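Below is one structure; the comments refer to it alone.
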Amino acid sequence: AETARYSVPEEAERGAFVANIAKDLGLTGEELLARQSRLVPEGEKQYLQLNQHTGDLVVREQMDREELCGQSEPCLVRFEVLLESPLQSFRAEVRVTDINDHAPVFLNKEIVLKMPESAMPGTRFLLESAHDPDVGNNSLQYYSISSNEYFHVYTQRRNDGGRYAELVLDRALDREQQAEVAFSITAVDGGTPPLSGTALIRVLVLDINDNIPVFSRSLYKVSVMENSSQDTVVVVVSASDLDAGTNGEIVYSIFQNSEENLQTFKINPKTGQIRLKKTLDYEEKKTYEIDVQATDGGGLSTHCKVEVQVKDVNDNAPEVTITSLTSTLSEAAPPDTVVALFNVRDRDSGDNGRTTCELTGEQPFRILLLAADAYALVTSETLDREQVEEYNVTVRARDEGSPALSASKTLLVRLLDVNDNAPTFTQAIYTMVMSENEPAGRSLGRLSATDPDTGENSRVRYALVPPPTGSLAAASFVSVDAESGTVRSLRPLDYEKVPAFEVTVRAADGGSPPLSAQALLRVIVRDENDNAPVLLHPAPDSSAAAELVPRWAPSGYLVAKVVAVDADAGQNAWLSYELAKATEPALFRVGLHSGEVRTARVVTERDAARQRLIVLVRDRGQPPRSATATLAVALVDDFSDAFHQLELDPASGQQPQVAEEEMLTTYLIASLCCVSSLFLLSVLVLTANTLCKARVQAELPPPSPSCCADADFASDGVGVGSTGTLSPAYRYEMCLTNGSGRSQFQFLRPILP
């Protein structure tokens, strides 16, 4: 915060050396060049220049001290030295020293004074002042007059440091001897060598006028607000003259001691009322000294002084000057990162020039005071570009005047993106469906992930995550487009082998390092009706299965059960059974869903002994697929008939027709026998039965029943209990005696219901 101070004489040539900035900052020329050092002037014009290679501060443009500062002293040119990486600011000022480049100048080259001959020796007469814009020792120092016998000059000093001349009468004037006295006056400054200006003074000796005008006050002190309008009355001066007639008539005028006073004020010659000719500006000049002359009709005059104090009004708003600005800022910048450096200046004074700074709105920035009027805009918290991409930061400077004035400066700060957000899938689990046997290359759907970052940080690319070793290579079934996320099939799939599979998909952004997220892709294979029903019983590769039905079987008697399965799923695997063809269609019926073949009515003697059934098994797919099962059914009275019919070839295509003819013949013979010899037949049957039993028991060893155990059926039977499309299994038990070639055949009830 300490200000470096230098000096340079005015009118110094371009390139003139002022100071070595690098030496004062403890830096080398290479460091200045590397840190991009530069000068930031306080005003709009650049008078100085910094050589980045040597660190020398040189004059860029000639400076006229009088043009820059007028009569103000010291005359300072302020600037800041800015260094980058890290950002640093050094304040400095160069004092422009005055050289004696202006000679004193009188506004009028001839000064006419009228003096009464009655003027007493020692009387003082105020002379017109010379003007010298230089300051200090180079300004006007004293007056001198050429040699004469009546006057000498005395140099006086004002409160503001200016000098004026008073002409002192040495001896009494005698108009009759000399009506006019002429001599030259010289104003000399203190420069080396000194410069001077000359004017001619002509003193006209007037006839006696006993009384000179007298002001009511020798000094008038007034104050005027700087915002007073033109023609505002400043003060009224008043003088009186005891003489009568024209010698007592007073005329007021402003004595020409300053060209600026004549441009600013005017006086009414009759009333002595002083008014403003133009508006005042406290910031340009704070005090005016006006010499007012009152002259009577006889030519006598007197003087008074009017001091005008300009009172400051809060008419200047603060000025905000940006000296350095970082327009782009990383969103990862930590708190207290410097965004901008700026100065606040108010040309008013006192409370009117005292300023405060603030930020408008709620934003993650704050103002840090560096020096009296230097500030830094820094971050106050962490930033997030995904919430706010840019900030319009408004810095408001307000003074403490009444009413207060303010000025604002808006800074645009854009945030640079950092890869701090991973992609996000719109769903944690994506479910897609593909048809069985669907050709490769078909689109199944699209994955979608978003990344709130920008540029490459937000560019999302998709890929399949390799499965663990030893797991199903599901990644070979589908592919994911890296750019669009479109999922496509790579090969046809068989529902019966792969009903569904899951793969993990990764979405990664283009940041460095890249961030990623994962989602689960579940693909369900939709079954197509591509499998026909498969018969388990009877076996499709065997001849027609032979089933035995006793002729006393009631209606609903279970003849057989057709068992089939379908490898498809759902509706494609729902099987229905129907009787496609039969020898006696009215004798049998098939369960629609169970596949059980049962008698539809009571078996009669008229029914053919051999029946052939064709059962159609159909699924519910679109289009439906089917299979057929062929059953050969023998209607028997006892085991002998059953054994005889079992020896026949059930696969012969003409068996049903032969069986029907034989059954018809049997029925005719039986009818004749019954009609002719019912009684005889009964006796013969009873006798034959008795004899047969006795002979069999005599020839055979003791009966040892051999029943098929459960294990005998386990190997050849068909287990369908676990098949979802089949009804519960039925189980039958048959017992035969050893060697019972044509013995009785007994049907037993099922063990399970």
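The values are calculated or read from the model by the stated rules, or taken from the named source; none is laboratory data. Model, not experiment: these values are computed from the prediction. Positions of Cβ are generated from backbone atoms using ideal geometry, with glycine treated the same way; all protein chains shown enter the neighbour counts. SASA here: full protein model, heavy atoms, side chains in, ligands and nucleic acids out. Shrake-Rupley method; radii C 1.70, N 1.55, O 1.52, S 1.80 Å.
Kindly indicate which of Arg612, Arg589, Arg526 is out of contact with any His (no Cβ under 9 Å at 6 or more places or on another chain), within 26 Å of Glu438 (Cβ to Cβ) and open to solvent by 70 Å² or more (accessible area, probe 1.4 Å).
Details: Arg612 fails: within 26 Å of Glu438 (Cβ to Cβ); Arg589 fails: within 26 Å of Glu438 (Cβ to Cβ).
Only one candidate passes the filter, namely Arg526.
Listed conditions (1) closer than 13 Å to Pro104 by Cα; (2) modelled with pLDDT under 90 are all met by Ile212, apart from (1).
Yes or no, residue by residue, for (1) outside any loop (DSSP other than H, G, I, E, B); (2) surrounded by fewer than 16 Cβ atoms within 10 Å (Cβ to Cβ):
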position	(1), (2)
Gly197	yes, no
Asn209	no, no
Arg217	no, yes
Ser223	yes, yes
Ser229	no, yes
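Considering only the range 576-616, state which residues are touching a Lys or Arg at 6+ places or on another chain (Cβ under 6 Å), farther than 15 Å from Val563 by Cβ and assigned to a loop (DSSP other than H, G, I, E, B). Scanning the range 576-616 gives Thr583, Ala600, Val603. Of all the residues in the range 539-550, those that are open to solvent by less than 20 Å² (accessible area, probe 1.4 Å) and modelled with pLDDT of 85 or more number 2.
How many of the residues making up the range 317-329 are part of a strand (DSSP E or B), open to solvent by 40 Å² or more (accessible area, probe 1.4 Å) and either among the hydroxyl-bearing types (Ser, Thr, Tyr) or under 16 Å from Ala404 (Cα atoms) (or both)?
Step one: filter the range 317-329 for residues part of a strand (DSSP E or B), giving 319-325, 328-329.
Applying the additional criterion that residues be open to solvent by 40 Å² or more (accessible area, probe 1.4 Å) yields 319, 321-322, 325, 328.
Those left that are additionally either among the hydroxyl-bearing types (Ser, Thr, Tyr) or under 16 Å from Ala404 (Cα atoms) (or both): 319, 321, 328.
Residues meeting the conditions: 3.
Here is a yes/no grid of residues against (1) within 18 Å of Thr410 (Cα to Cα); (2) open to solvent by less than 40 Å² (accessible area, probe 1.4 Å):
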| residue | (1), (2) |
| --- | --- |
| Val310 | no, yes |
| Asp315 | no, no |
| Glu331 | no, yes |
| Val339 | yes, yes |
| Asp346 | no, yes |
| Thr356 | yes, no |
| Gln363 | yes, no |
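Considering only residues that are among the basic types (Lys, Arg) and surrounded by 13 or more Cβ atoms within 10 Å (Cβ to Cβ), look in the range 159-195 and name the one that is nearest to Leu113 (Cα to Cα).
From the range 159-195, those among the basic types (Lys, Arg) are 163, 171, 175; that's our starting set.
Filter once more, keeping what is surrounded by 13 or more Cβ atoms within 10 Å (Cβ to Cβ): 163, 175.
Working: Arg163: 20, Arg175: 14 Å.
My answer is Arg175.
Please determine, by comparing only the residues of the range 84-98 that are among the hydrophobic types (A, V, I, L, M, F, W, C) and part of a strand (DSSP E or B), which one is surrounded by the fewest Cβ atoms within 10 Å (Cβ to Cβ). The extreme case among them is Phe90.
Taking each residue of the range 338-362 that is under 13 Å from Ser406 (Cα atoms) and looking for partners that are among the basic types (Lys, Arg) and open to solvent by 40 Å² or more (accessible area, probe 1.4 Å) with beta-carbon atoms closer than 6 Å, six or more apart or interchain, yields Thr356/Arg398; Glu358/Arg396; Thr360/Arg396. Residues in the range 267-298 that are over 15 Å from Val222 (Cβ atoms), more than 60 Å from the chain's Cα centre (by Cα) and not hydrophobic (A, V, I, L, M, F, W, C): Asn268, Pro269, Lys270, Thr271, Gln293, Thr295, Asp296, Gly297, Gly298. Within the range 374-381, not a single residue is open to solvent by 40 Å² or more (accessible area, probe 1.4 Å) and either aromatic (Phe, Trp, Tyr) or not in a loop (DSSP other than H, G, I, E, B) (or both). Can you tell me which residues in the range 106-158 are open to solvent by 70 Å² or more (accessible area, probe 1.4 Å), in contact with a Gly (Cβ under 6 Å, 6 or more places away or on another chain) and modelled with pLDDT of 85 or more? Of everything in the range 106-158, just one residue is open to solvent by 70 Å² or more (accessible area, probe 1.4 Å), in contact with a Gly (Cβ under 6 Å, 6 or more places away or on another chain) and modelled with pLDDT of 85 or more, namely Lys114. Just one of the listed residues (Leu83, Leu48, Leu87, Leu57) is in contact (Cβ under 8 Å) with a residue 40 or more places away in the chain and touching a Pro at 6+ places or on another chain (Cβ under 8 Å), namely Leu48.
Take the residues in the range 482-504 that are over 24 Å from Asn531 (Cβ atoms) and in contact with a Phe, Trp or Tyr (Cβ under 7 Å, 6 or more places away or on another chain); name whichever of them is most open to solvent (accessible area, probe 1.4 Å). Lay out the reasoning, then the answer.
Within the range 482-504, the subset over 24 Å from Asn531 (Cβ atoms) is 482-488, 502-504.
With in contact with a Phe, Trp or Tyr (Cβ under 7 Å, 6 or more places away or on another chain) added as a condition, the list becomes 482, 485.
Details: Ala482: 31, Gly485: 0 Å².
Ranking the candidates gives Ala482 first.
Here Arg461 meets each of (1) surrounded by 14 or more Cβ atoms within 10 Å (Cβ to Cβ); (2) more than 28 Å from Gln387 (Cα to Cα); (3) among the basic types (Lys, Arg) with one exception, condition (2). If only residues of the range 469-481 that are open to solvent by 20 Å² or more (accessible area, probe 1.4 Å) and not in a loop (DSSP other than H, G, I, E, B) are counted, the one that is nearest to Thr504 (Cα to Cα) is Ala475.
Matching residues to (1) closer than 30 Å to Asn352 by Cβ; (2) touching a strand residue (DSSP E or B) at 6+ places or on another chain (Cβ under 6 Å); (3) not in a loop (DSSP other than H, G, I, E, B):
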{"residue": "Arg385", "(1), (2), (3)": "no, yes, no"}
{"residue": "Val388", "(1), (2), (3)": "no, no, no"}
{"residue": "Ser402", "(1), (2), (3)": "yes, no, no"}
{"residue": "Lys409", "(1), (2), (3)": "yes, yes, yes"}
{"residue": "Met434", "(1), (2), (3)": "no, yes, yes"}
{"residue": "Glu456", "(1), (2), (3)": "no, no, yes"}
{"residue": "Pro467", "(1), (2), (3)": "no, no, no"}
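Would you pick out the residues in the range 330-357 that are in a strand (DSSP E or B) and not aliphatic (A, V, I, L, M)?
As a first pass, look at the range 330-357 and keep what is in a strand (DSSP E or B): 330, 338-345, 355-357.
Passing the criteria: Ser330, Phe342, Asn343, Arg345, Thr355, Thr356, Cys357.
Scanning the range 398-454 for residues that are surrounded by 16 or more Cβ atoms within 10 Å (Cβ to Cβ), of a type in the set (A, V, I, L, M, F, W, C) and either at pLDDT 90 or above or closer than 30 Å to Pro334 by Cα (or both) yields Ala407, Leu411, Val413, Leu415, Val418, Ala422, Phe425, Met432, Leu447, Ala449.
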